[in-house]
1. Pulled fully out, how much extra length does the chain show between ASP124 and GLU90, if you take 0.36 nm times their separation in residues and subtract their Cα-Cα distance?
2. At a Förster distance of 22 Å, what's the computed FRET efficiency of ARG161 paired with ASN194, Cβ-Cβ distance as r, to 0.05?
3. Spin-label point model (7 Å from Cα, Cβ direction): what's the ARG74 to THR105 distance in nm?
4. Students often get this wrong, so check it: of LYS123/LYS148; LYS91/LYS131; LYS131/LYS191, which have C-alpha atoms separated by over 20 Å?
5. Got the relative contact order for region 49-197 handy, in percent, Cα pairs under 8 Å and 6 or more residues apart?
6. Of all the Cα-Cα pairs you can form in region 30-148, what percent are over 22 Å apart?
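Values in this text are rule-based calculations from the coordinates and carry no lab data. Owing to the predicted nature of the structure, the values given are computational and were not obtained by experimental measurement. Here the Cβ positions follow ideal geometry from the backbone for every residue, glycine too, while neighbour counts run over all protein chains shown.
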Amino acid sequence: MGIANEVDRSRMLSMPNWDKAYLSGVYDGWGEAESSPRFALIGGFCTQSGATNILDVGCGTGMLRVSLCQYRGRYTGLDCSSVMIRRLQEKGGGDFICADAEQWTPTNQYDAIILNEVLYYFKDPLSALIKYYAVLSPDGVFIISIFKRRSSFWQPNPNRRAIEVVEDFLPSASRCHVSEGNRTWEVFVCKKVNGQTSKIGEFRSNEEWGGNARLAD
């Protein structure tokens with residue numbers, strides 16, 4: 001669902017609100033520059049893993065699909081906005097499904113499953129993780145990106161909660177901090193080996209990803 005890091009989530013949980021936002025043009029080109037290093041990192045993991053079937057949960061405007069332009073396998077984008085899915089279908093370059101990611105039931109296995117800036121919108125992020133991890137192919141990669149939103153005493157922080165859920169569910173996942181300007185994202189990645197999670201090897205250098213990326217301490 002793109003780079004909607006500062007949006008009031010209570011207003012954006014329903015499909016009509018996402019459709020309205022996309023029709024207004026508020027997301028047109030939003031976050032493309034600052035997302036490039038993070039998308040390069042995600043794309044690099046997909047390429048390194050040899051994935052031939054990718055599921056992008058909450059594909060939004062399709063910016064991540066554009067960043068996977070060198071990927072030659074099957075790409076499936078899932079999003080709750082009928083407006084955005086129609087636009088992506090017109091552009092082509094993959095299979096696109098309009099559905100609520102929490103309600104949708106996958107019927108296929110995928111070599112790579114990406115939850116890019118979407119987990120903190122879910123009412124039950126743990127159930128979503130369990131569901132999507134279950135359809136990850138053996139040796140498949142699970143990639144989750146979460147913006148580190150600032151906490152405040154008077155406002156709940158769904159981003160922080162989402163990070164904590166991932167930490168508990170995937171304690172052995174590799175973790176990378178990606179920074180652009182004064183913003184930071186946490187990117188978790190793991191490989192499914194014999195039904196268990198494992199780290200996916202070493203991260204490449206920051207220069208190769210085109211931005212400021214580093215392993216978590």
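1. Details: separation 34, 0.36 × 34 = 12.24 nm, distance 3.18 nm.
Fully extending the segment from ASP124 to GLU90 adds 9.1 nm.
2. Working: r = 30 Å, r/R0 = 1.36.
For R0 = 22 Å, the calculated efficiency reads 0.15.
3. Distance between label points: 2.0 nm.
4. On the way: LYS123/LYS148 18 Å; LYS91/LYS131 29 Å; LYS131/LYS191 16 Å.
From the list (LYS123/LYS148; LYS91/LYS131; LYS131/LYS191), the Cα-Cα distance tops 20 Å for LYS91/LYS131.
5. Details: 266 pairs, mean separation 30.1, N = 149.
Reported as a whole number, the value is 20 percent.
6. On the way: 1919 of 7021 pairs.
Of all Cα-Cα distances in region 30-148, 27 percent exceed 22 Å.
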